[in-house]
Each structure stands twice: as structure tokens, then as C-alpha cells.
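Since the structure comes first, as C-alpha cells, the remarks are kept for the end.
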Amino acid sequence: MTEGRSERKLFLKPQAAAVPLTRVDARAEHERTLIALLPMLRGFLFRLLGPRADLDDATQDALIALSGALPRLSDSAQLTSFTKTICLRVAYRYFARRAPHEPLEPERHRAHGPLADEQLAQRRKLQRLHRCLEKLPAKRRTAFVLCAIEGLAPQDAAKLEGVSAGSMRARFMHAREELQRLLAATQAEDVDG
């Protein structure tokens, strides 16, 4: 089943139903839609914000904003991009807060066996990436996450952000260059320290 089809099943517009939905039915459908969107929403915010202590707060804020805006959505085919747009707005508010991220504790996520050292090394690389992403300006960080991590084309990312495709390409290029510089600097610090 394609992603678009599953989205259409999640969101039932009252005017399209053969039998008018009661208020209770509409509320239940609304709740099912929000529950189905929660993993995607949280994952997207995690990729944007990193492992922050206030990630759950950001997720809750995004759910509240989405819940209020969902009844105004006229085209259920646009549900994913609509959700991501709301997440971006919430993420920008949290970027401004610059709360320190919650470190990933190796003890809490410890693996056993021969791959444990490799997993720990991967986890440390991920921590370093999140620290470097946190140092980027919010617009560049968002461009990098949308284009490099989410895999969106700059044109699609630009639509989500509400900017031109050229602006998104420039932000992405500058973010990539700055991130490479920051990662090289932190890698040198790790080797020296």
C-alpha cells in the first residue's frame, strides 16, 4: 500500500461520507488520525531538533497545533506535507530556545556481543553530528535535515518552508559546507583529547 493511500484512509472528510458523521464519530476519526501521525511527527522533530530533553514537549506542541489545524485541511492527500509544515513551525520555536540536548547514555543503550563496540562508536558519531547540527543557524539546519536526512528534493523542501527553490539550494549548500567544517573540527578535537 502506498503512503498516499494510507493517508486517505486515515482522514475521512465529513462531506465525502455517504452517511453524515456524528460529532463523536468525527472526534474518533480525528483522534485516530493524530495517533497514526504521531510516530512520523516525533521522528521528524527528532531529526530536526536532535536528542533534546524537551523533545517530548515539542512533540506535544506539534500535536496540539496539528489537532487545531486538522479540521481546516481540505485535501487529505496533503496530510504529510501539512504535518511537516506544522512540525517546522514548532521546531523553529524550539531552535530559538537552544536547550542543551539530552546525551545518549551508553549504559542505557548498551548492546551485548561482538557488535557492542561498533554500536557505541556509531552512537558517538551520531552525538557528534547532533552537536554540530545544533551549532548551525536554524534555517540552514532545517535545509540540511529536509534535503540530506529526509531526502527531499530542494524544490519540495522549499515548498514546505515557503521559500524559493534557489534559497533552499543555497541554504543546503552552506549548511553542508559548514557542517563539514564543524565535523572536521570536532573530529580533530576528539583525536587530540
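The values are calculated or read from the model by the stated rules, or taken from the named source; none is laboratory data. What you see is a predicted model; the values in this text were computed from it and never measured. Neighbour counts run over all protein chains shown; Cβ positions are idealised from the backbone, glycine included.
Among the residues of the stretch 150-164, is there at least one that is β-branched (Val, Ile, Thr), in contact with a helix residue (DSSP H, G or I) (Cβ under 7 Å, 6 or more places away or on another chain), at pLDDT 90 or above and within 19 Å of residue 90 (Cβ to Cβ)? So far as the stretch 150-164 goes, no, none of its residues is β-branched (Val, Ile, Thr), in contact with a helix residue (DSSP H, G or I) (Cβ under 7 Å, 6 or more places away or on another chain), at pLDDT 90 or above and within 19 Å of residue 90 (Cβ to Cβ). Here residue 123 fulfils each of the conditions (1) part of a helix (DSSP H, G or I); (2) at pLDDT 85 or above; (3) of a type outside the set (A, V, I, L, M, F, W, C) apart from (2). For the stretch 60-87, the tally of residues that are in a helix (DSSP H, G or I) and touching a Leu at 6+ places or on another chain (Cβ under 8 Å) stands at 14. Taking residue 133, is it of a type in the set (A, V, I, L, M, F, W, C), closer than 21 Å to residue 51 by Cβ, surrounded by 13 or more Cβ atoms within 10 Å (Cβ to Cβ) and at pLDDT 80 or above? Considered against the rule, which asks whether it is of a type in the set (A, V, I, L, M, F, W, C), closer than 21 Å to residue 51 by Cβ, surrounded by 13 or more Cβ atoms within 10 Å (Cβ to Cβ) and at pLDDT 80 or above, residue 133 comes out as yes. Among residues of the stretch 60-74 being free of Cβ contacts under 8 Å to residues at least 12 places away in the same chain and of a type outside the set (S, T, N, Q), the one that is surrounded by the fewest Cβ atoms within 10 Å (Cβ to Cβ) is 72.
One residue stands out in the stretch 155-193 among those that are crowded, with 20+ Cβ neighbours inside 10 Å and free of Cβ contacts under 8 Å to residues at least 24 places away in the same chain: the one that is nearest to residue 48 (Cα to Cα), namely 157. Among residues belonging to the stretch 76-99 that are β-branched (Val, Ile, Thr) and at pLDDT 90 or above, point out the one that is farthest from residue 138 (Cα to Cα). In this case the residue turns out to be 83. Please go through the stretch 37-59 and pick out each residue that is part of a helix (DSSP H, G or I) and surrounded by fewer than 13 Cβ atoms within 10 Å (Cβ to Cβ). Within the stretch 37-59, 39, 56 qualify.
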